[in-house]
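The values are calculated or read from the model by the stated rules, or taken from the named source; none is laboratory data. The structure presented is a predicted model; accordingly, all values stated were derived computationally and were not measured. Here the Cβ positions follow ideal geometry from the backbone for every residue, glycine too, while neighbour counts run over all protein chains shown.
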Amino acid sequence: MREIVLLCAEQEAENLSDALLELGVLSVSVEDADENTDQEQPLYGEPGLEPDVFAWRRNRVVALLPEDLEAAELVLQLRDQNIIDLGDDDWLVREVPDNDWVRMTQAQFGPIEVGDKILIVPSWHADDELTQQAQTEGKVCIQLDPGLAFGTGSHATTHLCLEWLAEHLQSGQSVLDYGCGSGILGIAAQKLGSTKTDGVDVDEQAVSSTRANAENNQVYVNATLPDGLADGQYDVVVANILSNPLKMLAPMLSARVKPGGYLVLAGIFEWQTAEMQDAYRDYLQLQPWRDREGWICLVGQKAAD
């Protein structure tokens, strides 16, 4: 296979990427042309949010070419459509090894152990010795492939929520997973003994993903959009989203917790602890439970009647 590499400025990168996809390339990636030099420029953004800057000062736009698309013809079309004025030194074509990309990608993702009770298993490791041993030892095994939706257990915030559920959830308790994503927290709750588990997400794709992943794990999570959630309270409400939505949702999430129940929040940087505690102060007292890689899990228990 072949790929074309084009040099462009920051303001050109996004339009060029879109134009390449419209012209029939198979994929596009944007790299810092000054990578590994003194001019290298980091891009920052809170997880789940887009950064303020979408490209670097100087960029390499790399596009994978289908067999029937010639690079020179592609460059000519970009020039004719006034997408970018490329000089002869501003682009090149290089060969890409014909590797088994599926196998190489899968090799990067192995089972993830969460504490002593949970093992997250990609489907291609379902029959591995580690998985079979975990099942023999009575561990909760969750089959979930990376990339399906946010929440595969590899991110610190998901890991923290899973640890809390594994250590504190009691058999027979009800759980609400607000911002369910892939459904991993609801699936874990079911496998840990929850008798009623609801999942909510604002993204229809996440709702569908949660339902499909729960079925694949032979459990039932009632996943829905926010408007579809029935009235009621839960023994445990867990929300692994971002700090700003968590602050706005403080009255609603707190109201969903039964007297004596727990609210478990993640998606919060350690330095945001005090402001999150202030946002929930009128409803319940949040306390740091555990931190991981700069993120923190806050937990509050509602006063019993």
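Table for the structure above
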| item | result |
| --- | --- |
| Subset tally (residues that are surrounded by 13 or more Cβ atoms within 10 Å (Cβ to Cβ) and at pLDDT 90 or above) for the range 71-89 | 5 |
| Exclusive hit being among the polar types (S, T, N, Q), more than 23 Å from S154 (Cβ to Cβ), in the same structural domain as Q277 (by TED's automatic domain parsing) and touching a helix residue (DSSP H, G or I) at 6+ places or on another chain (Cβ under 9 Å), set S243, S254, S171, S182 | S254 |
| Residues of the range 2-47 satisfying the condition of being at pLDDT below 80 and surrounded by 13 or more Cβ atoms within 10 Å (Cβ to Cβ) | A33, D34, Q41 |
| Within the range 209-225, tally of residues that are within 22 Å of A266 (Cα to Cα) and either in contact with a helix residue (DSSP H, G or I) (Cβ under 9 Å, 6 or more places away or on another chain) or not assigned by TED's automatic domain parsing to the domain that holds G183 (or both) | 8 |
| Search result, residues across the range 181-199 that are buried (at least 24 other Cβ atoms within 10 Å of the Cβ) and not in a helix (DSSP H, G or I) | G181, S182, G183, S194, T197, D198, G199 |
| Number of positions in the range 142-180 that are at pLDDT 85 or above, surrounded by fewer than 21 Cβ atoms within 10 Å (Cβ to Cβ) and either of a type in the set (S, T, Y) or under 14 Å from the mean Cα position of the chain (by Cα) (or both) | 3 |
